[in-house]
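This report concerns only the one structure given below.
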Amino acid sequence: MNETTSRFAIDFAIPPMPEQERMVEAVLFAAAAPLSSREIAERLPGGCDVPEALAGLRRRYEGRGVELRRLGEAWAFRTAGDLGFLMAREAVETRKLSRAAIETLAIIAYHQPVTRAEIEEIRGVSVSGGTIDLLMELGWVKFGRRRDTPGRPMTFVVTPGFLDHFGLESAGDLPGVAELRAAGLLDNRPAPGRPQPELPLDEDEA
């Protein structure tokens, strides 16, 4: 092996795992939004084991003020949950969701992928286009796949931004029915013929 070939091999050698973790750490800190494993891998040298690097990095940040969190298929550094109160002064409430928007968002989160007709069936009242538009503007809801049924209706699903905002790793981490009832988001009266609780109607839409 001549000197040129040797230098080429060194330059393109796979970095050791501690160095890979440092690279992933740097990429995530500099990112303006959560990144998927594929997006991270595109920024690293070829041959890097991104899942292993993420797992190691996540362990190193456990219990610290900043933690590495998985948000759906993406990853990002976020303030530890028990220290969120320290950020309260920085939070500014710009828009308050209506009851209709909250109910629609909850239905999409728990029943995704769900069509507009299914949302209306569960709520028992029509859903205005403005309600869904607002949720999409907030970046919490997006279009899913079309249903393979007559008319091929569009479905709706929640976004990684929704999971990020509410500190959820996946939709499976959503609160249970009892917690939603305690928060006033679900009615205690069961809907006729339905196992799930009925969502209360918005006064403006009843």
Quick check: anything in segment 137-155 in a helix (DSSP H, G or I) and in contact (Cβ under 8 Å) with a residue 40 or more places away in the chain? no
Within segment 54-63, can one find any residue that is under 25 Å from GLY172 (Cα atoms), open to solvent by 60 Å² or more (accessible area, probe 1.4 Å) and part of a loop (DSSP other than H, G, I, E, B)? yes
Give me the pairs: first residue in segment 68-79 and in contact (Cβ under 8 Å) with a residue 12 or more places away in the chain, second residue among the hydroxyl-bearing types (Ser, Thr, Tyr) and surrounded by fewer than 18 Cβ atoms within 10 Å (Cβ to Cβ), beta-carbon distance under 7 Å, and six or more apart or on different chains, which are they? LEU68/TYR61; GLY72/SER170; GLU73/SER36; ALA74/SER36
Residues in segment 88-102: is at least one open to solvent by less than 40 Å² (accessible area, probe 1.4 Å) and at pLDDT 85 or above? yes
Of the residues in segment 149-160 that are modelled with pLDDT of 85 or more and open to solvent by less than 60 Å² (accessible area, probe 1.4 Å), the one that is farthest from the chain's Cα centre (by Cα) is PRO153
Can you tell me how many residues in segment 129-138 are surrounded by fewer than 15 Cβ atoms within 10 Å (Cβ to Cβ) and either in contact with a Pro (Cβ under 7 Å, 6 or more places away or on another chain) or more than 14 Å from ARG116 (Cα to Cα) (or both)? 1
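The values are calculated or read from the model by the stated rules, or taken from the named source; none is laboratory data. Bear in mind that the values here come from a model prediction, so they are computed numbers and not experimental data. No Cβ is skipped: glycine too gets one built from the backbone with ideal geometry, and neighbour counts run over all protein chains shown. All accessible areas refer to the heavy atoms of the entire protein, side chains included, with ligands and DNA or RNA removed. Shrake-Rupley method; radii C 1.70, N 1.55, O 1.52, S 1.80 Å.
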